[in-house]
1. Only one of these conditions is not met by ALA130: (1) modelled with pLDDT under 85; (2) surrounded by 11 or more Cβ atoms within 10 Å (Cβ to Cβ). Which number is it?
2. Could you check, for region 77-91, whether at least one of its residues is β-branched (Val, Ile, Thr) and under 18 Å from the mean Cα position of the chain (by Cα)?
3. With more than 17 Å from ALA169 (Cα to Cα) and in a strand (DSSP E or B) as the only criterion, which of GLU73, GLU56 stands out?
4. Can you name the condition, by its number, that ALA152 falls short on among (1) assigned to a loop (DSSP other than H, G, I, E, B); (2) small (Gly, Ala, Ser); (3) farther than 14 Å from GLY22 by Cβ?
5. State yes or no: is ILE40 at pLDDT 90 or above, surrounded by 18 or more Cβ atoms within 10 Å (Cβ to Cβ) and assigned to a strand (DSSP E or B)?
6. Step by step: first the residues of region 99-108, then only those that are open to solvent by 20 Å² or more (accessible area, probe 1.4 Å) and modelled with pLDDT of 85 or more, then the one that is farthest from ILE30 (Cα to Cα). Which residue is that?
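The values are calculated or read from the model by the stated rules, or taken from the named source; none is laboratory data. All figures in this text were calculated on a predicted structure; none of them were measured in a lab. With ideal geometry, Cβ positions are generated from the backbone for all residues, glycine too; neighbour counts draw on all protein chains shown. We work out accessible area using only protein heavy atoms, side chains counted, and drop any ligands, DNA or RNA first. Shrake-Rupley method; radii C 1.70, N 1.55, O 1.52, S 1.80 Å.
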Amino acid sequence: MNTEITLSTIQSLVDGNLENPGSLLGSHAINYRGREARAIRTLQPEAQSMWVIETETGERRPMRRLHPGGFFEAILENSRSQQYRMQMIDKQGNEIETTEPYTTPSVLTDFDRYLLGEGRHFDMYNRLGAHVRVVDGVAGTNFAVWAPNARAVQVVGDFNGWDGRRHAAQVHPNLGIWEIFVPGASVGEKY
């Protein structure tokens, strides 16, 4: 199995320097052997093994480790489903089911972006900061911060062992707002 991702791009991701991790992680339509397919990619530094489980069919497919820093990829041919979850075996041998944070839509609507551009968004406190939400049945916390001069933003906390590589935020171009949804992060956890 070959990936279309360069080693330098993967290294930037593992180092926490990739400005838009969602361009690499999550589910992406690709051309594989002349056919449409889906590439499912994740960064799980604590994982020994990873699988993708298609939500509709329950089919479990192995992911291939492409970098020792925990970058995994699976190419799904003939897959109609865009809904999936992942399962991993961590370094202690625990089996953990997880959801990829880069498949979650932004809390910022087009109208939010418009009002921000106009300088007239008067309730950004409902968008910035940490807000618990449920997306496609998955509970978690959405984190957003305005940091227009930042080169990278990572969320660290109890929910990821204080390792920001797993939750590098994505920037909204021209707004300077960085955002990520962290599945499983709940009220009362430190971050």
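1. The single condition ALA130 does not satisfy is (1).
2. Step one: list which residues in region 77-91 are β-branched (Val, Ile, Thr), which gives 89.
Filter again for under 18 Å from the mean Cα position of the chain (by Cα), leaving none.
No, that holds for no residue.
3. GLU73
4. Here ALA152 clears every test but (3).
5. Working: at pLDDT 90 or above: yes; surrounded by 18 or more Cβ atoms within 10 Å (Cβ to Cβ): yes; assigned to a strand (DSSP E or B): yes.
Spelling it out, ILE40 is indeed at pLDDT 90 or above, surrounded by 18 or more Cβ atoms within 10 Å (Cβ to Cβ) and assigned to a strand (DSSP E or B).
6. Result: VAL107.
Conditions (1) part of a loop (DSSP other than H, G, I, E, B); (2) open to solvent by 60 Å² or more (accessible area, probe 1.4 Å); (3) β-branched (Val, Ile, Thr), marked per residue:
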residue	(1), (2), (3)
ARG85	no, yes, no
MET88	no, no, no
GLY117	no, yes, no
PRO148	yes, yes, no
VAL156	yes, no, yes
